[in-house]
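Here is the structure we will look at, set down as structure tokens.
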Amino acid sequence: MAEQLRSLPTGHSVEIVHIITTGDTNQTDALRQFGGTGVFTREVQKAVLDDRADLAVHSLKDLPTVSAEGLVLGCVPPRAPRCDALLVGSGSSAPSGLHDLPHNARIGTGSPRRQAQLLHYRPDLKLEEIRGNVDTRIRKLDEGQFDAIILAEAGLTRLGLADRISLHLHPPLFYPAVGQGALGIECRSDDEELLKLLAQITCPQTLAEVTAERALLRELRAGCHAPLAAWTSIIGDQLQLNSILLTSDGRLRLSHVEVGSKADAEFIGISAAQQLIAIGGDHLLNEPAPQDA
């Protein structure tokens, strides 16, 4: 983002302000145990509201769908690869699919969405919480603490670690999170000059995709703990939103496809949520949260 802002004709100088978030400092507890929503965003947002920074750079999948008071989603740049990736330990053979994983394999992931989708296809898998940054998680994998781990392809690509990917997890087998692979840039809602600059970086296609996905999430009021996944594709002026909702154990999986004009992206997301609820999604959303050992 800094480089993109520096490349604009206005020639603005850019300073990066480093912020440590609750999600960064707590490396042991499951995210659902200490708040979940906002643990990777609140401190960054506060820095903007306190005028210590002018804009906040978030992974959009971590950003709540309702903006904090005084802030606005000012920019969504082009999206990175949005799928998940399975990694096995160094020296292990890459599986050709989930069916190749050993019986009762230990998989490191704390994401309810990833856990539910894995269990839907492989109920025998042993899913274990894993925390830490990408390097820490890969180290734990290579030490033999897990048979495999699941990470976002976008993060691995941005860190130059794409060569560690053993298996790409793509639809229709495995669906990503709402907003996965996209960045969300927030700024103060009254900063008109910065909003004009950010508009030059926004990718219209990515914005339409994530608008539909985030409207789906907001309408469902699913939060970050629900096993909800989405895949948006745009062909011409048409936007198609595939939405998936599962029980935490993966036994029940609901799906819906909503199609319409990309100009109506928000309505498409809302309609998709309403259709999921109509076919039983409300029962899945009201399912008791899993208890951690």
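The values are calculated or read from the model by the stated rules, or taken from the named source; none is laboratory data. If you're wondering where the values come from, they're calculated on a predicted model, not measured in any experiment. Neighbour counts are summed over all protein chains in view; Cβ atoms, including those assigned to glycine, are modelled from backbone coordinates with ideal geometry. The protein model used for the area step is the full one, side chains on, heavy atoms only, and it has no ligands, DNA or RNA in it. Shrake-Rupley method; radii C 1.70, N 1.55, O 1.52, S 1.80 Å.
List of remarks:
- Two-site label geometry, V14 and D163: point separation in nm, points 7 Å out along Cα→Cβ: 2.8
- Per residue, in Å², the accessible surface of the chain once ligands and nucleic acids are set aside, probe 1.4 Å: 48
- Per residue, the Cα convex hull of the chain amounts to 138 Å³.
- Cross-link pairs exceeding 31 Å between alpha carbons, from the set K46/K140; K196/K262; K61/K196; K46/K196: K46/K140.
- Solvent-accessible surface (1.4 Å probe) assigned to S7 amounts to roughly 90 Å².
- Per-residue extension of 0.36 nm, minus the Cα-Cα distance of L173 and S96, leaves a gain of 26.4 nm for this segment.
- Scoring 116-124, 181-189 by mean Cβ neighbours within 10 Å over their residues and listing the highest first yields 181-189, 116-124.
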